[in-house]
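Asker: Can you keep this structure in mind? I'll have questions shortly.
The values are calculated or read from the model by the stated rules, or taken from the named source; none is laboratory data. Treat the numbers as computed from the prediction; the structure is a model and nothing was measured. Because the Cβ atoms are built from the backbone with ideal geometry, glycine has one as well, and the counts that use them run over all protein chains shown. The accessibility values were calculated without ligands, DNA or RNA, using every heavy atom of the protein model including side chains. Shrake-Rupley method; radii C 1.70, N 1.55, O 1.52, S 1.80 Å.
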Amino acid sequence: MKITQEIIDELIRQARQDAPDETCGYLLGIKGPDGDTVTENYPMENIDHSPEHFSFAPKEQFTALKYARNKGLKILANWHSHPASPSRPSQEDLRLANDPNIRYAILSLHEGLHLNSFKIVNGEVVDKEVHYDL
């Protein structure tokens, strides 16, 4: 999955603004023969307002899906931040990763800035991509 620096910068701004709570959203874009390309971040509210986990509001998820469809985009990834832990799925992240057709991206603000995305199938990471590591 390709993510531009401009979108990565937007994710970092959102994560820093919402810290110490986790922040979240969808990465929208285009599925292509040479891989998926993220064209925009769709920020969402973490209705848990927690530094250790996040939840989307179902109504906001529906609005995001409708928005993506109207623009001819796909939801390529669910993303969230880890303000104080590494960019890897927690046990809760693995348990809640129910869609094997999207990636799960995690932006860590812990010991630098790290953005990785994961393909998770049946609670197991089957693929990892590094998108930003500073």
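Asker: Rounded, prolate or oblate: pick one for the range 48-123, where a ≥ b ≥ c are the square roots of the eigenvalues of its C-alpha gyration tensor, a/c under 1.5 means rounded, and failing that, prolate if a/b is larger than b/c, else oblate. Intermediate values should be presented prior to the final figure.
Answerer: On the way: a/c = 1.72, a/b = 1.58, b/c = 1.09.
Taking the square roots of the gyration eigenvalues as a ≥ b ≥ c, the range 48-123 is prolate.
Asker: Counting only the heavy atoms of the protein chains, how much of residue 96 is accessible to a 1.4 Å probe, in Å² to the nearest 10?
Answerer: Near enough 90 Å² of accessible area.
Asker: Could you point to the residue in 83, 53, 29 farthest towards the positive end of the chain's charge dipole, with +1 and -1 charges on the Cβ of Lys/Arg and Asp/Glu respectively?
Answerer: Of the listed residues, the answer is 29.
Asker: Quote the FRET efficiency, to the nearest 0.05, computed for residue 111 versus residue 65 with a Förster distance R0 of 30 Å and r equal to the Cβ-Cβ distance. The partial results should precede the final answer.
Answerer: On the way: r = 34 Å, r/R0 = 1.15.
Working from the Cβ atoms, E equals 0.30.
Asker: Apply the Karplus curve 6.51 cos²θ - 1.76 cosθ + 1.60, θ = phi - 60°, to the phi angles in the range 15-31 and return the couplings in whole Hz, x for Gly and Pro.
Answerer: 5, 5, 5, 8, 4, x, 7, 5, 10, 7, x, 10, 9, 9, x, 10, 8
Asker: Over 25 Å between C-alpha atoms is what I'm after, so list which of 31/119; 59/128; 31/128; 74/119 land there. Spell out each step's value before the answer.
Answerer: Working: 31/119 15 Å; 59/128 30 Å; 31/128 18 Å; 74/119 16 Å.
Distance filter (> 25 Å) returns 59/128.
Asker: Which shape class applies to the chain: rounded if a/c is under 1.5, otherwise prolate when a/b exceeds b/c and oblate if not, where a ≥ b ≥ c are the square roots of the Cα gyration tensor eigenvalues? Write down the numbers at each step before the final one.
Answerer: Working: a/c = 1.27, a/b = 1.19, b/c = 1.07.
It is rounded, given that a/c, with a ≥ b ≥ c, falls under 1.5.
Asker: While we're looking at this one, here's another question. Could you report the accessible area of residue 49 in Å², rounded to 10, computed with a 1.4 Å probe on the protein chains as they sit in the structure?
Answerer: 110 Å²
Asker: Name the residue farthest towards the positive end of the dipole of the chain from the options 68, 106, 125, assuming +1 on Cβ of Lys and Arg, -1 on Cβ of Asp and Glu, about the Cα centre.
Answerer: With unit charges placed on the Cβ atoms, the residue in question is 68.
Asker: Probe radius 1.4 Å, ligands and nucleic acids ignored: give me the carbon and sulfur share of the accessible area of the chain as a rounded percent. Let's see the in-between values first.
Answerer: Values: 3720 of 7410 Å².
Answer for the chain is 50 percent, counting heavy atoms of protein chains only.
Asker: Same structure again: Taking a label point 7 Å from the Cα of residue 133 along the Cα→Cβ vector, which residues of the range 1-35 have an amide N closer than 19 Å to it?
Answerer: Under 19 Å, as judged by backbone N against the label point of residue 133, lie 1-5, 8-9, 12 of the range 1-35.
Asker: HN-Hα J couplings of the range 47-64 from phi, Karplus 6.51/-1.76/1.60, θ = phi - 60°, integer Hz, Gly and Pro as x?
Answerer: Once rounded to whole Hz, the list reads 5, 7, 6, 10, x, 10, 7, 9, 9, 8, 6, x, 5, 5, 4, 4, 4, 5.
Asker: Let me ask something else about it. How compact and how long is the range 1-69, expressed as Rg and Dmax of its alpha-carbon atoms in Å?
Answerer: Here Rg and the maximum Cα pair distance are 13.0, 38 Å.
Asker: Non-local amide H neighbours of residue 52 (under 5 Å, H modeled in plane, Pro and chain starts lacking H): which ones?
Answerer: 22
Asker: Rounded to the nearest 20 Debye, what is the dipole magnitude of the chain about its Cα centre when Lys and Arg each give +1 and Asp and Glu each give -1 at the C-beta?
Answerer: Numbers: 14 positive and 21 negative charges, 112 e Å.
The calculation lands at about 540 debye.
Asker: Still on this model: What number, rounded to the nearest 500 deg cm²/dmol, is the helix-based mean residue ellipticity at 222 nm of the chain, given -39500 (n - 2.57) per DSSP H run of at least four residues and division by all its residues? Write down the numbers at each step before the final one.
Answerer: On the way: 3 runs with 33 residues, N = 134.
Calculated from helices alone, the mean residue ellipticity at 222 nm is -7500 deg cm²/dmol.
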